[in-house]
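The values are calculated or read from the model by the stated rules, or taken from the named source; none is laboratory data. Not measured: the values here are computed from a predicted model. Positions of Cβ are backbone-derived with ideal geometry, glycine not excepted, and every protein chain shown enters the neighbour counts. Note: accessible area is taken over every heavy atom of the protein model, side chains too, but ligands, DNA and RNA are not part of it. Shrake-Rupley method; radii C 1.70, N 1.55, O 1.52, S 1.80 Å.
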Amino acid sequence: SAPVRSRARVRATVVMFFTFWFQFFAAIIAAGLLYGAIYILMQDKAEKHIQHVAAERDTNLTTAELAAYDGRTSGRPILVSLCGKIYDVMSSAALYGKGGQYNSFAGKDITVACAKFNKTSDAHFNAQWTGLTKPERELLAKWEDLFAKKYPEVGKVTDVDNMAPCPQSNEGIAMQADAYSTTLGLDLFAKKHIS
């Protein structure tokens, strides 16, 4: 009977040992999950409280300086440049601000991206627009009219001549894709889907 009690005591000790460590690690995991959830909630709350202010007139900037106005910093306007003219797009902060559909445009010259109707290629941002095709220039004119009507012009980009060259598609499929995107953009304007 003594060996039976001894085995029972060992078994109880082992069970207690594993129960303790299981509960210990479960508590650590629960604390980590709670901390993570609180952290995410605080981040979301902080992002929702970014306050944008209107830009001052005659805000002449280089492309490097323009990059600071990308909608991610509270107390700054959201600016984009089109054909070297800087526009305050704060009235569309949901589109151009952090997490917005067009946040990739914020703080950049978007002339070539608009002309090629392509917001996915970084090469189209802060690029010279002298090498655009006739349809691309037609689409660009529509974007210029839209921005002039919708957003206040607040300044100029001062280093337009130093921008990267306009990216050119030299291969058949890439050229066709550029042409298709531009045609799509022109069609969307014609059908009043962009206004």
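Here are some notes:
- Ranking 65, 136 by solvent-accessible area of protein heavy atoms (1.4 Å probe, all protein chains present), from largest to smallest, gives 65, 136.
- Theoretical FRET efficiency, 1/(1+(r/R0)^6), r = Cβ-Cβ of residue 193 and residue 72, R0 25 Å, to 0.05: 0.30
- In degrees, nearest ten, helix 134-150 long axis to first principal axis of the chain (Cα): 70 degrees
- More than 28 Å apart - percent of Cα-Cα pairs taken over the chain: 46 percent
- Calculated on the alpha-carbon coordinates, the convex hull of segment 126-195 measures out at 90 cubic angstrom per residue.
- Structure-based [θ]222 nm, the chain - -39500 (n - 2.57) summed over DSSP H runs of at least 4, per residue, nearest 500: -16500 deg cm²/dmol
- Whichever lysines have a C-alpha closer than 18 Å to that of residue 119, once near sequence neighbours (fewer than 8 apart) are set aside: 98, 108, 142
- Here residue 85 is the anchor, and the aspartates and glutamates within straight C-alpha reach of less than 17 Å, apart from those fewer than 8 places off in the same chain, are 56, 58, 65, 70, 109, 144, 145, 153, 159, 161.
- Aspartates and glutamates whose Cα lies under 14 Å from that of residue 149, excluding same-chain neighbours fewer than 8 positions away: 88
- Per residue value of the accessible surface for segment 1-154 (all protein chains in place, 1.4 Å probe), Å²: 62 Å²
- Distance from segment 1-42 to segment 90-169 (C-alpha centre basis), Å: 59 Å
- Sparsely packed trypsin sites (Lys or Arg not before Pro) within segment 143-195, loop by DSSP, other Cβ within 10 Å at most 11: 191, 192
- Among 175, 16, 90, the residue with the largest mean-square fluctuation in a Gaussian network model of the chain, with springs joining Cα atoms closer than 10 Å, is 16.
- With 0.36 nm allotted per residue and the present C-alpha distance subtracted, the residue 22-residue 138 stretch has 34.9 nm of extension available.
- Fraction of accessible area attributable to carbon and sulfur, the chain (%, probe 1.4 Å): 60 percent
- Taking packing as the residue-averaged number of other Cβ atoms within 10 angstrom, the listed peptides 83-89, 22-28, 111-117 run from highest to lowest as 111-117, 83-89, 22-28.
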